[in-house]
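Following: one structure in structure tokens, then a few remarks.
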Protein chains: 2
Amino acid sequence: MTLALLFGGQSYEHEISIVSAITLKTVLTCKLEFIFCDKDRNFYQIPEKSMKASHFANGDYRKDRLLYLEKDGFVFHGFLGKSKKLDFDAVVNLIHGADGEDGKIASLFEFFNIPFIGPRIEASVLSYSKTLTKALASSAKIETLPFETLTPDQRLLKKLSYPLIVKPDHLGSSIGVSIVRSKEDLEYALDVAFAFDNKVIVEPFISAVKEYNLAGCLSANGMEFSIVEAPQKKELLDFDKKYLDFSRSGQVQEAKISDELKNGLYEAFSALYKPMFEGALVRCDFFVIDDKILLNEINPCPGSLAHYLFSDFNALIPRLLKALPKERKINVEYNYINSIRQAKGKASYR
Amino acid sequence: MTLALLFGGQSYEHEISIVSAITLKTVLTCKLEFIFCDKDRNFYQIPEKSMKASHFANGDYRKDRLLYLEKDGFVFHGFLGKSKKLDFDAVVNLIHGADGEDGKIASLFEFFNIPFIGPRIEASVLSYSKTLTKALASSAKIETLPFETLTPDQRLLKKLSYPLIVKPDHLGSSIGVSIVRSKEDLEYALDVAFAFDNKVIVEPFISAVKEYNLAGCLSANGMEFSIVEAPQKKELLDFDKKYLDFSRSGQVQEAKISDELKNGLYEAFSALYKPMFEGALVRCDFFVIDDKILLNEINPCPGSLAHYLFSDFNALIPRLLKALPKERKINVEYNYINSIRQAKGKASYR
């Protein structure tokens, strides 16, 4: 089995994605290809020995082989422009944030018929927006924190009281996020968030909330779950901390929680996951408040695929590959055009 | 100004899309290119003289020039594999249904930096699903008919009473849609709809409901609206009728309605359109029940761009082109990787 790790992208999390791919390289035991999408959206085939952060920061990757997306795969131009196909069984979408999680990569791969691990278009769009994630959770009957969505024209809060957390609606990372303790600080926090997005979501900020992360996917064996982790967090996971988080290569401690809570988290995860997220290995971050499970966010391309939450990550991947959703093939047979031509014999659309 | 009409696609509305492009060819006065996406998603440059339905039904298009999507445009391979770019100012997305309206084409063009008239990714995904359209309308404070969403595992209705209309959640056309007058007919209608989609939406069927269509877009002049049309419909717009509908080349009669209703429709349209549908010329189909405006559906790629609703369609297009949304450019400068390399001097990610 050969997996192609796709990373980079035109995204605020471009650098984190590089770290994510370098980390996964040390974890995965199968044969690997490395496909880098630079900030201008050129694709390059990166040799394994060049998979170091400096190779990208220095721009050395530009000497590597250019790849082009075509039907059924990535090709490179060989002798006299003859194109050859890069050989792999599936791509792992490790582009975090824009491009990777907003539906673009899913669209490219579905359109060009390339098997991939990652969220499909609808799953991407719904989990990429924090407001749409709320709607998704609500339709799966999972609670979330109360919220208000603001726009540059409508910056007034109606119901929520301080302290608050202010977030751009569409960014995956912690960029543009502020905790606001009083009305005086709100305007500045909104300015910061609107610098990144034209939609901003505001929620109550609850310090020391109990938080649990759970990863999983639908595999050939049915739903499979990781251990539950209680992440050790500062108030806000800032970019530096997140950066280190994405490079975790060891396994983490399982949270000490009751079986009842664990099953509740499994159930909530399944309700959110099925069927929209099939094909993706997803991490859901939950809050538990007064014994009630609330969804915080869905990470449809978690850092280094959240491998550190699984006891046998390398065995899971082939089972996930067997369960990738298939596109409904639509048969185009020109029945209508042919019937109109035959029956009516009209000139106009012949 | 040169526009490239993109049509075809892996879609149940593939043939309708061909009709849509042939029709628009006779309407648009600017220079045109024709890009056909066949059912296997190969792109072809179609000469103007070959823009006849038979050219596609016969498979003759396969002798035309193959096009490839690359950064900044469509290219073709010339002498010794040298690639040349197809010259146009913008693409008009005329792929109806899947591919064109589900977010794939929007993703391709955003990723490859190709200017286009059509819905962007989020707008596509939300208007492509009838359930998500309901959520979108609700957040814009526009009413819709009550509904229930069913899945293959959950086929029981809870609240609605007969007669009902049963529709696949995701198809643009009338395929798989049934009117159901009694419980006995429901199972069959659900079987039909589930043959096309794994999500089905059921609504009350209201015969002889007042229906009004309104098209519009944000242009360099602000919001611009078409006339309001009261479509002459049979109970259900079947595929044959829709086929003819997409080939309309004349202009239609304006509905005789009060200024109050007209302004109400304008307001509802704007609330739904802004800012998500910017870049697209959209047609919204509204119901009016007891003097209340309800959204029925949003067509983000209406047949032949609903040109027949506009008094000067050819003048509108350049104004729309001037108002196409620009992508927020993200600057990737490797600050984090560089700061880690400099400050920590660690070996691991160098």
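The values are calculated or read from the model by the stated rules, or taken from the named source; none is laboratory data. Source: prediction; values computed, not measured. Cβ coordinates were reconstructed from backbone atoms using ideal geometry, including for glycine residues, and neighbour counts include every protein chain displayed.
Observations
- Listing of helices (runs of 4 or more DSSP H) fully contained in the stretch A:253-350 that carry 1 or more residues being over 22 Å from A:ALA230 (Cα atoms) and of a type outside the set (Gly, Ala, Ser): A:313-322, A:335-344
- Here B:SER339 fulfils each of the conditions (1) among the small types (Gly, Ala, Ser); (2) out of contact with any strand residue (DSSP E or B) (no Cβ under 8 Å at 6 or more places or on another chain); (3) within 13 Å of chain A (Cβ to nearest Cβ); (4) touching a residue at least 24 places away in the same chain (Cβ under 8 Å) apart from (4).
- Search result, residues across the stretch B:113-159 that are at positive phi and out of contact with any Leu (no Cβ under 9 Å at 6 or more places or on another chain): B:ASN113, B:LYS141
- All conditions in (1) farther than 14 Å from B:ILE105 by Cβ; (2) touching a residue at least 60 places away in the same chain (Cβ under 8 Å); (3) assigned to a strand (DSSP E or B) hold for B:GLU15, with the sole exception of (3).
- Count - residues of the stretch B:193-211 that are free of Cβ contacts under 8 Å to residues at least 24 places away in the same chain and in a helix (DSSP H, G or I): 0
- Reported count of residues in the stretch B:37-56, each being surrounded by 20 or more Cβ atoms within 10 Å (Cβ to Cβ) and either of a type in the set (S, T, N, Q) or more than 23 Å from the chain's Cα centre (by Cα) (or both), is 1.
- Residues (exposed (fewer than 12 other Cβ atoms within 10 Å of the Cβ), polar (S, T, N, Q) and not assigned by TED's automatic domain parsing to the domain that holds A:PRO275) located in the stretch A:304-338: A:ASN331
- Condition check for A:LYS346: within 20 Å of the chain's Cα centre (by Cα), more than 10 Å from chain B (Cβ to nearest Cβ) and at pLDDT below 95: no
- Subset of the stretch B:58-90 (residues that are touching a residue at least 40 places away in the same chain (Cβ under 8 Å) and aliphatic (A, V, I, L, M)): B:LEU69, B:LEU86, B:ALA90
- Helices (runs of 4 or more DSSP H) lying entirely in the stretch B:80-155 (those with 2 or more residues that are under 11 Å from the mean Cα position of the chain (by Cα) and within 9 Å of another protein chain (Cβ to nearest Cβ)): B:104-111, B:121-128
- Extreme residue, farthest from B:ASN113 (Cα to Cα), among residues of the stretch A:57-74 that are part of a strand (DSSP E or B) and within 10 Å of another protein chain (Cβ to nearest Cβ): A:GLU70
- The stretch B:139-161 - residue that is in contact (Cβ under 8 Å) with a residue 40 or more places away in the chain and of a type in the set (Ser, Thr, Tyr) and, of those, farthest from B:GLY264 (Cα to Cα): B:THR151
Rundown of residues vs (1) hydrophobic (A, V, I, L, M, F, W, C); (2) modelled with pLDDT under 95; (3) under 23 Å from A:PHE277 (Cα atoms), yes/no style:
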site	(1), (2), (3)
A:LYS167	no, no, no
A:LEU186	yes, no, no
A:LEU190	yes, no, no
A:ALA195	yes, yes, no
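- In the stretch B:180-191 there is no residue that is in contact with an Asp or Glu (Cβ under 9 Å, 6 or more places away or on another chain), surrounded by fewer than 19 Cβ atoms within 10 Å (Cβ to Cβ) and not assigned by TED's automatic domain parsing to the domain that holds B:THR133.
- Here B:LYS25 clears all of (1) in a helix (DSSP H, G or I); (2) crowded, with 20+ Cβ neighbours inside 10 Å; (3) touching a helix residue (DSSP H, G or I) at 6+ places or on another chain (Cβ under 8 Å) except the condition numbered (2).
- Enumeration of residues in the stretch B:22-56 that are more than 9 Å from chain A (Cβ to nearest Cβ), within 17 Å of A:ILE337 (Cβ to Cβ) and without any contact (Cβ under 8 Å) to a residue 12 or more places away in the chain: B:HIS55
- Given (1) at pLDDT below 95; (2) within 14 Å of chain A (Cβ to nearest Cβ); (3) out of contact with any helix residue (DSSP H, G or I) (no Cβ under 7 Å at 6 or more places or on another chain), index of the condition B:PRO325 fails: (1)
- Some residue of the stretch B:66-75 being within 19 Å of B:HIS14 (Cα to Cα), touching an Asp or Glu at 6+ places or on another chain (Cβ under 8 Å), surrounded by 17 or more Cβ atoms within 10 Å (Cβ to Cβ) and in the same structural domain as B:ILE16 (by TED's automatic domain parsing): no
- Of the set (1) among the polar types (S, T, N, Q); (2) surrounded by 19 or more Cβ atoms within 10 Å (Cβ to Cβ); (3) under 22 Å from A:TYR334 (Cα atoms), all apply to B:SER124 but (3).
- Test: residue in the stretch B:104-121 that is among the charged types (D, E, K, R) and more than 19 Å from B:PHE277 (Cα to Cα): no
- Some residue of the stretch B:245-266 being farther than 18 Å from B:LEU145 by Cβ, of a type in the set (Val, Ile, Thr) and at pLDDT 95 or above: yes
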